[in-house]
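Comments concern the structure below.
The values are calculated or read from the model by the stated rules, or taken from the named source; none is laboratory data. Predicted model, so just to flag it, every value in this text is computed and none were measured. Cβ placement follows ideal geometry from the backbone for every residue including glycine, while neighbour counts extend to all protein chains displayed.
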Amino acid sequence: MHRFANPARFLRITDAVLPWSAALTIVLLALGLYYGLWASPVDYQQGATVRIMYIHVPAAWMGMMIYSLMAIASAVALIWRHPLADLIAKAAAPIGASFTFICLVSGSLWGAPTWGTWWVWDARLTSVLILFFLYLGYIAIWQAFDDPTRAARAAAIVALVGFVNIPIIKFSVDWWNTLHQGESLFTGHGSEIDPTMLRPLILMALAFTAYFITVLIYRVRAEIIARKLRVLRLSAIEG
Amino acid sequence: MSAFSALIARDVRLAFRQGSAATLSVMFFFLAVMLFPLGVGPEAAILARIASGVLWVAALLSVLLSLDRLFQADYEDGSLELLALSGLPLELTVLAKCLAHWLTAGLPLIIAAPVLALLLDLPAKGLAALLLAMALGTPSLSLIGAIGAALTVSLRRGGVLLSLLVLPLYIPVLIFGVAAVEAAIAGLPSISHLLILAAIALAALVLCPLAAAAALRLSLE
């Protein structure tokens, strides 16, 4: 892991990775959208509304996965003072918040024709909404400090505290109320989803992951450059 | 007297002497609850139905408002640095300050709650559960809030950020606190909800001082 702590090496490796991940994003997204919007059957109950699921479900996965990644990166940053882990967590947060937002909006658009309401205070919806606010809190703490090294450590504490609390929040809202569908993909006895619908779902999930990696690399590179600029400016002032 | 209990005694004494901070948070609690009958309408049936939720939300906000008292004044006059340099580990300093905060911001709410429950027409069966749930839940509010207070202590405008950081973490306490009262009103056993509140309080007792102390070290650099 410490081999990758060197920003210059990171830039070199990502130079090689970036074209591939960008191309993979475009191909997977095109395939996923094709299968999702045209080459998959309509649901016998939901009609064409089911196609929203190909956006909604992968976005929900990404929202949770990115927060976990941020928490791991924050722990690495706090324990080993790994210089890139902070930047990865910082760069991932707005992407995760966007995916969570897409998940909330697409779920709402799906809920209006299917459940007959834009929003219900159901356990899953509420816990995703709380996850969204945890993201916003994390982003806000980065902006609240002037000094980036102190902001990084404060943000790492926020990410870890939020991560410890996510299971507690999830567990409490699950007991509180529920309307959202149960798990149908990872059930222990195989998937309950028809293969024609599973294909676009998996393709979109992979496309979102590739997109995340591509944008994350761009954002981390921008952060590294911004840090360099800051150091240069400060040294210019101090003469 | 050990440094730990001396610190608690100092904080409690300061809270009661400086502009009666403890009575102020009770006054906020009263006012916040008073807004609900004005906003929702004075029908007794509706108020009785929402009383447990209103009391919990008002208690939550009242504790939230008093969180800046935890470290702010000590940070500004430099005594927090002296406390950090004293022999007491910073984690225990945080714990002592949380206990003092609970004694001056949480406990007064529990004492005031029966009067407000009466005003909102909370069914009598729920009162014991409400007080027990508040006794088990409000210490967690002080402890979780300490993390947010420690993170924002060195910031100029930390108030809104503090609520953005802390309120999402307060939700489990709110849910189980209200659930305990609702169960008691419905004639069901509320012990499972109270046990979970106790579990949250115990976990917060162990984890929150660690996180808050880490955040304070950052502010004291």
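You will find that of A:Ser40, A:Ser68, the residue that is among the small types (Gly, Ala, Ser) and either surrounded by 19 or more Cβ atoms within 10 Å (Cβ to Cβ) or not in a helix (DSSP H, G or I) (or both) is A:Ser40 and no other. Screening the stretch A:112-131 for residues that are out of contact with any Ser or Thr (no Cβ under 7 Å at 6 or more places or on another chain) and in contact (Cβ under 8 Å) with a residue 40 or more places away in the chain and picking the one that is surrounded by the most Cβ atoms within 10 Å (Cβ to Cβ) gives A:Thr126.
Of all residues in the stretch B:153-175, those being part of a helix (DSSP H, G or I) and either free of Cβ contacts under 8 Å to residues at least 24 places away in the same chain or in contact with a Lys or Arg (Cβ under 9 Å, 6 or more places away or on another chain) (or both) number 7. When the stretch A:157-176 is filtered for residues that are among the small types (Gly, Ala, Ser) and either surrounded by fewer than 18 Cβ atoms within 10 Å (Cβ to Cβ) or more than 8 Å from every other protein chain (Cβ to nearest Cβ) (or both), only A:Ala159 remains. If you go through the stretch A:132-156 and keep only what is within 7 Å of chain B (Cβ to nearest Cβ), farther than 15 Å from B:Pro168 by Cβ and in contact (Cβ under 8 Å) with a residue 12 or more places away in the chain, you end up with A:Arg153, A:Ala154. Does the stretch B:113-121 include one or more residues that are within 12 Å of chain A (Cβ to nearest Cβ) and either modelled with pLDDT of 95 or more or assigned to a helix (DSSP H, G or I) (or both)? No, there is no match, as no residue in the stretch B:113-121 is within 12 Å of chain A (Cβ to nearest Cβ) and either modelled with pLDDT of 95 or more or assigned to a helix (DSSP H, G or I) (or both). A:Gly96 meets the conditions (1) surrounded by fewer than 17 Cβ atoms within 10 Å (Cβ to Cβ); (2) in contact (Cβ under 8 Å) with a residue 24 or more places away in the chain; (3) more than 14 Å from chain B (Cβ to nearest Cβ) in every case but one. The failed one is (1). Of all residues in the stretch B:111-126, those being buried (at least 18 other Cβ atoms within 10 Å of the Cβ) and free of Cβ contacts under 8 Å to residues at least 40 places away in the same chain number 0. Between B:Ala186, B:Ala180, the distinction of being surrounded by fewer than 18 Cβ atoms within 10 Å (Cβ to Cβ), more than 9 Å from every other protein chain (Cβ to nearest Cβ) and over 16 Å from the mean Cα position of the chain (by Cα) belongs to B:Ala186 only. For the stretch B:205-221, a tally of residues being more than 10 Å from every other protein chain (Cβ to nearest Cβ) and buried (at least 23 other Cβ atoms within 10 Å of the Cβ) returns 2. Taken together, A:Thr209, A:Thr178, A:Thr126 contain a single residue that is at pLDDT 90 or above, touching a helix residue (DSSP H, G or I) at 6+ places or on another chain (Cβ under 8 Å), of a type outside the set (Gly, Ala, Ser) and within 30 Å of A:Ala48 (Cβ to Cβ), which is A:Thr209. Evaluated against (1) assigned to a helix (DSSP H, G or I); (2) closer than 21 Å to B:Phe4 by Cα, B:Trp56 falls short on exactly one condition, (2).
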